[in-house]
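Here's the structure we're looking at; comments come further down.
The values are calculated or read from the model by the stated rules, or taken from the named source; none is laboratory data. Nothing here was measured: the structure is a model prediction, and the numbers come from that model. All Cβ positions, glycine included, derive from the backbone under ideal geometry; neighbour counts span all protein chains shown. These area figures cover heavy atoms from the full protein model, side chains too; ligands, DNA and RNA do not enter into them. Shrake-Rupley method; radii C 1.70, N 1.55, O 1.52, S 1.80 Å.
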Amino acid sequence: MTSSDHNLVNDSLVNVVLGERSYDITIGYGILAKAADILAPFIAGRKVIIVADKAVTKPWLTRLEASLAPIASCHCITTSGGEAAKSFTRYAELMNSALDIGIDRQTVIIAVGGGVIGDLAGFMAASLLRGCDFIQVPTTLLAQVDSSVGGKTGINASAGKNLVGAFHQPKAVLIDTACLSSLDDREMRAGYAEVVKYGLLGDAAFFEWLDSNGMAILNQEPDILAEAIRRCCQAKADIVAADEKEAGLRALLNLGHTFAHAFEAAAGYDGRLLHGEAVAAGMCHAFALSRRLGLTDGQSCHRVANHLTKHGLPSWRSDLPADVAQADADLLIDHMTKDKKASAGQLNFVLVRGIGDAFVKKGISRADVKAVLDAKTMDESIIDDNTMDEVMT
Ligand code: GLY
């Protein structure tokens, strides 16, 4: 039995095809109330430990617990979210709390919250008793369109983000779009950056659609929002099914992330810079770097930057907190060399040939990255195509 056996009315279902580790992503408005029907195959009669973000506990957690109580024995651990929570210290505290509750190999961990909680609770599930079942209930747009799908779990180390972790696929992902109603506008916009990412990395038609529907997504018009989440989840499911452990294709999901992780490290994970904001600026830098290397044109760079700006997102380093905007480019590049995507000291980036056409390029020179980081604006970082024509004639 899979979660698709529940009575699906107006909900959508995306399947992540991974052989015996395949699972369903169920997307719908208000579906927390039906959580017991959807999740029964995985939790009925078992002990469940819910790891939830304190900030999103009510009413979503109450709804989930009320739905699951008749079929499972639920215990809840709440913790604060925010990137700082993905620490060894917090991980140890949560592991000890789970062990104090008492677990066995049948125990199921459910993550309720944003990407931080999903990564943290997922890594707990991957490591408790060498692996417990795990379910994702993402409550932020960023987690609903990206981090809850695909099985990446982990915590941060002093050397950088997500450097300690495991691939551990969930048994199910339950996306209740109603949860987004309690998100503040800034969190919603930050999640929207990851939505745009799917258009930029491989689906120009989706980017066109976002040009017309982006505001409706931010305003949470139900049908448009659900359609955007479904399309992102389908895109991610296809990529993960083709390349679960990131040997190739999956790396495209890191578009903008090498820059973004360096910006986040420079900001110190103290909440002033949200991951999605760093990704928005990071994607513009990736486009500008592609332009500098002659891979794409200035027009596509400007189109991406204009789209992000129009939707209230940063489009260049100068839009980020002052310490990131003014950070020494060499320091940022040093952060990049510690990134998981760096290999043998080489700087590797997801670059683009245009909107919807991303690819991985290894061995980018430090000088090219520095030139892009040192530009005060995107305009300064690229020679406009028309100017280029003039220069050449
Ligand atoms: N968020 C990137 C990935 O899941 O691969």
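Worth a mention:
- Each Lys and Arg adds +1 at its Cβ and each Asp and Glu adds -1 at its Cβ; summed about the Cα centre, the chain shows a dipole of about 1040 debye.
- Computed over the chain, Kirkwood Rh from alpha-carbon pairs, angstrom: 21.2 Å
- Between helix 204-218 and the chain: long-axis angle, C-alpha atoms, 0 to 90°, nearest 10: 60 degrees
- Fully extended contour minus Cα-Cα distance, from Ala44 to Ser87, at 0.36 nm per residue: 12.3 nm
- Largest-first principal axis extents of the Cα set of region 1-159 (Å): 45, 35, 30
- Built from the Cα atoms of region 171-229, the convex hull projects on average onto 4.5 nm², one quarter of its surface area.
- Remark on region 183-337: hydrodynamic radius 16.0 angstrom, per the Kirkwood mean of 1/r across alpha carbon pairs.
- 14 Å beta-carbon shell around Ile50, net charge (K/R +1, D/E -1): +2
- Additional length obtainable on full extension of the chain from Ile101 to Ser127, 0.36 nm per residue less Cα span: 7.7 nm
- Distance from region 132-151 to region 199-250 (C-alpha centre basis), Å: 15 Å
- Most to least accessible of Asp357, Asp243 (protein chains only, probe 1.4 Å): Asp357, Asp243
- Note on region 13-91: with charges restricted to the Cβ of Lys and Arg (+1) and Asp and Glu (-1), its dipole about the Cα centre is near 220 debye.
- DSSP-defined beta bridges in the chain - what % are antiparallel, rounded to 5: 40 percent
- Gaussian network model of the chain, Cα within-10 Å springs - most flexible of Ile333, Ile109, Ile25: Ile333
- Acute angle (nearest 10 degrees) that the helix 222-242 long axis makes with the longest principal axis of the chain, alpha-carbon atoms: 80 degrees
- Over region 126-246, relative contact order from alpha-carbon pairs under 8 Å, at least 6 apart, %: 28 percent
- Förster radius 25 Å - calculated FRET efficiency between Asp374 and Asp270 (Cβ-Cβ, nearest 0.05): 0.50
- Label-point separation in nm, Ala159 to Thr309, each point 7 Å along Cα→Cβ: 3.9 nm
- Shape of region 131-175, Cα gyration tensor, a/c cut at 1.5: oblate
- For region 66-204, radius of gyration divided by Kirkwood radius, i.e. Rg to Rh on alpha-carbons: 0.97
- Computed over region 1-130, relative contact order equals 24 percent, with contacts defined as Cα pairs under 8 Å that lie 6+ residues apart.
- Within the chain, helix-based [θ] at 222 nm, where runs of 4 or more DSSP H residues each add -39,500 (n - 2.57), nearest 500: -13500 deg cm²/dmol
- Length-normalised contact order for the chain - Cα pairs under 8 Å, 6+ apart - percent: 14 percent
- Whole-percent pair-distance distribution, where bins are 5 Å wide, for the alpha carbons of region 247-342: 3, 14, 23, 25, 20, 11, 3, 0
- Restraint check, Lys152/Lys310; Lys54/Lys338; Lys54/Lys370; Lys236/Lys370; Lys161/Lys370; Lys236/Lys376, Cα-Cα greater than 29 Å: Lys152/Lys310; Lys54/Lys338; Lys54/Lys370; Lys236/Lys370; Lys236/Lys376
- 1.4 Å probe accessible area per residue over the chain, in Å²: 39 Å²
- The local environment of Ala281, defined by Cβ-Cβ distances under 12 Å, has a net charge of -2 under the rule Lys, Arg +1 and Asp, Glu -1.
- Proximal charge balance of His307 [Cβ under 11 Å; K/R count +1, D/E count -1]: 0
- At 1.306 mPa s and 10 °C, Stokes D of region 214-300 from Kirkwood alpha-carbon radius, µm² per second: 105 µm²/s
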